[in-house]
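These notes concern the structure reproduced below.
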Amino acid sequence: MTDEPDRQAHYREPRQARSAATLARVLRAAEELVTAVGLDEMTIGGVAERAGTSVGSIYRRFAGKEQLVAALTERMLERREAYLAERLRAAEPSLSGVLDAYAHALLRSFTDTSSVFPDLLRAREVDVMDRGARTIAEVHRLLLDAAAPYSAEIRRSNPEQALDTAARVLLGACFHNSVRPDRPADDAAQSRYADELSDMALAYLLTPDRR
């Protein structure tokens, strides 16, 4: 027995294939609607209309908009964690290769076609904030684990701490880029920015400490 309060599920998990398909349509519709009109303007009725289902069917699954937003956040963050892990597994086996794969994958995950992602991370619901924090910790861990075999290449006095710093800077830069109103819109500009972030992190890790 623990002292922590029980956490309520974000929604009722579907048990049948048809129910799972309906849930997928609802979450896809919610993502599309939030992208189009923003999180504040999204309504259960609008989601139902776009998903081709009834308002009642959504309320049978979710207690309200807050639970729907939490479920949407879970879906999107899981996709981003899986994508980042996949790109790191495919990275060139070197410190520079890992940093390059991480910077490109992380930047893309924050600035893909769905502009809703930053809005979801800024949502005030406790469950959403907790889930966002867990994803930040997970993507941070993914880089540390992927770069660990190449720590001998790092010239800082404390390679583990230096790598932790680089991970935090890359994560912060990618999130900042996703919310800035003047961020580069085309793929080529985004790729150049990811290259610059990777080069910056690598230069720091390969530079000895100040005397």
Check: Roughly speaking, what is the stretch gain from Thr207 to Glu66, that is 0.36 nm per residue apart minus the C-alpha to C-alpha distance, in nm to one decimal?
Finding: 46.1 nm
Next item on the list: Would you mind getting me the FRET efficiency between Asp145 and Val37? Use the beta-carbon distance for r and R0 = 41 Å, nearest 0.05.
Entry: 0.60
Check: Hey, if we sort Thr135, Thr43 by accessible area with the 1.4 Å probe, largest down, what's the order?
Finding: Thr43, Thr135
Checklist line | Extension reserve of the Tyr83-Ala188 stretch, reckoned as 0.36 nm per residue once the Cα distance is removed | finding: 35.8 nm
Next item on the list: Can you bin segment 12-82 into rounded, prolate or oblate? Criterion: square roots of the alpha carbon gyration tensor eigenvalues sorted a ≥ b ≥ c, rounded for a/c under 1.5, prolate for a/b above b/c, oblate for the rest.
Entry: oblate
Check: If you place +1 on the Cβ of every Lys and Arg, -1 on the Cβ of every Asp and Glu, and leave all else neutral, what size is the dipole of segment 50-101 about its Cα centre, to the nearest 20 Debye?
Finding: 420 debye
Notebook entry, point to check: Can you give the net charge of the other residues whose Cβ lies under 15 Å from the Cβ of Leu197, counting K and R as +1 and D and E as -1?
Noted result: +2
Check: When all protein chains stay in place, what accessible area (Å², nearest 10, 1.4 Å probe) is found for Tyr193?
Finding: 50 Å²
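The values are calculated or read from the model by the stated rules, or taken from the named source; none is laboratory data. Treat the numbers as computed from the prediction; the structure is a model and nothing was measured. In this analysis, Cβ positions are derived from the backbone assuming ideal geometry, glycine residues included, and neighbour counts consider all displayed protein chains. When the accessible area is computed, the model is the full protein with side chains, heavy atoms only, and any ligands, DNA or RNA have been set aside. Shrake-Rupley method; radii C 1.70, N 1.55, O 1.52, S 1.80 Å.
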